[in-house]
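Comments concern the structure below.
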Amino acid sequence: MPDLNVRPYQSADRQAVFRIGADTAFFGSPIEAYLEDRTVFLDAFYAYYTDLEPEHAWVATVDGEVVGFLVGCVNTRLHNQALWSTIAPRLAGKLLRGKYHFGKRSLAYFVGLLTGLVQKEFTSVDLGLYPAHLHINLESEWRGYKLGQKLMEAYLRQLRLLGIPGVYLDTTSLNEVACRLYEKMGFRLLDARPDRFWAKWFGYPVENRCYGLKLCKPLPSFTLRTK
Ligand SMILES: CC(C)(COP(=O)(O)OP(=O)(O)OC[C@H]1O[C@@H](n2cnc3c(N)ncnc32)[C@H](O)[C@@H]1OP(=O)(O)O)[C@@H](O)C(=O)NCCC(=O)NCCS
């Protein structure tokens with residue numbers, strides 16, 4: 001029997017996390033379905049978690065090999081600030097130096113993304129109640145062995161120890177197994193909106209979904225008095 005395990009992320013796992021992140025980005029399949037160049041997605045989407053908040057990332061291993069991960073963030077407002085102050089300038093620099101390959105697929109995807117943004121197709125969440133978030137992905141051959149559940153349990157335990165009041169995640173109705181896992185872990189649907197880009201792609205309705213889980217009562221807020 002192979003040895004299945006979940007442990008905290010280490011910097012040596014970065015390459016494996018990036019590979020799995022790209023291999024699973026198209027609803028569990030490789031990202032090349034909608035982007036020619038996986039590095040632009042990884043630099044934009046995953047570098048924050050591995051480089052700026054690695055202490056809240058976890059990996060699933062089989063006989064010591066990384067086969068999946070959960071990357072987390074305990075304060076989404078800080079994450080959003082870091083995207084503008086650190087991640088976006090890095091991306092812009094590489095873009096200007098011609099490090100990314102943009103083709104028709106990428107163009108169609110980014111136009112779809114911007115249209116979705118303008119048409120308010122993306123879900124929203126109260127970051128006061130749910131400040132933390134996560135992304136989870138496993139290689140296809142190691143799904144269904146409870147590694148997803150173990151990754152979630154490890155991260156949720158960590159969040160509870162840190163006193164984080166709530167955690168959310170974004171997904172879609174196409175990630176059916178993931179939605180079941182989240183519901184099993186106690187998450188509830190907070191917001192859902194139709195996504196026109198993927199609906200057109202697949203030829204049937206697709207929903208963007210936001211799930212949330214309250215972990216503990218938020219600390220009582222108090223006002224600092226100044227003279
Ligand atoms: C979603 C994912 C992380 C779940 O991890 P997993 O290790 O496969 O799931 P587990 O074996 O831990 O199963 C936990 C629960 O998920 C649900 N589940 C798992 N496999 C399922 C399947 N094939 N069909 C239906 N439900 C399933 C069940 O509720 C299960 O609990 P139960 O067996 O007690 O009923 C993994 O399947 C994955 O990476 N999928 C592709 C990428 C993805 O969708 N990521 C999420 C993006 S938001």
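Since every read-out is calculated from the coordinates, none of them should be taken as a lab result. The shown structure was predicted, so the numbers you read here are calculated from the model rather than taken from an experiment. Using ideal geometry, Cβ is built from the backbone for each residue, glycine included, and neighbour counts are taken over all protein chains shown.
So for segment 160-169 (the condition being more than 26 Å from L78 (Cα to Cα), in contact (Cβ under 8 Å) with a residue 40 or more places away in the chain and within 18 Å of the chain's Cα centre (by Cα)), does at least one residue qualify? So far as segment 160-169 goes, no, none of its residues is more than 26 Å from L78 (Cα to Cα), in contact (Cβ under 8 Å) with a residue 40 or more places away in the chain and within 18 Å of the chain's Cα centre (by Cα). In segment 119-135 there is no residue that is assigned to a helix (DSSP H, G or I), over 19 Å from the mean Cα position of the chain (by Cα) and at negative phi. Answer yes if at least one residue in segment 5-22 is of a type in the set (G, A, S) and without any contact (Cβ under 8 Å) to a residue 40 or more places away in the chain, and no otherwise. Scanning segment 5-22, I find at least one residue that is of a type in the set (G, A, S) and without any contact (Cβ under 8 Å) to a residue 40 or more places away in the chain, so the answer is yes. If you go through segment 1-53 and keep only what is polar (S, T, N, Q) and either surrounded by 14 or more Cβ atoms within 10 Å (Cβ to Cβ) or not in a helix (DSSP H, G or I) (or both), you end up with N5, Q10, T24, S29, T39, T50.
Looking across segment 178-198 at every residue that is out of contact with any strand residue (DSSP E or B) (no Cβ under 9 Å at 6 or more places or on another chain) and free of Cβ contacts under 8 Å to residues at least 60 places away in the same chain, the one that is nearest to L138 (Cα to Cα) is identified as R180.
With respect to (1) within 26 Å of C179 (Cβ to Cβ); (2) assigned to a helix (DSSP H, G or I), the lone exception for V66 is condition (2). Restricted to segment 143-152, and to residues there that are touching a Gly at 6+ places or on another chain (Cβ under 9 Å) and among the aliphatic types (A, V, I, L, M), the residue that is farthest from the ligand (Cβ to nearest atom) is L151.
Exactly one residue out of S106, S140 is more than 16 Å from the ligand (Cβ to nearest atom) and of a type in the set (S, T, N, Q): that is S106. Taking segment 123-137 as the range and being surrounded by 19 or more Cβ atoms within 10 Å (Cβ to Cβ) and away from the ligand (no atom under 16 Å from the Cβ) as the test, only P131 passes. Which of the following residues is under 23 Å from L35 (Cα atoms) and surrounded by fewer than 20 Cβ atoms within 10 Å (Cβ to Cβ): K146, K120, K150? The unique qualifying residue is K120. Considering segment 153-192, and only residues there that are part of a strand (DSSP E or B) and either more than 20 Å from F27 (Cα to Cα) or aliphatic (A, V, I, L, M) (or both), the residue that is nearest to the ligand (Cβ to nearest atom) turns out to be L169.
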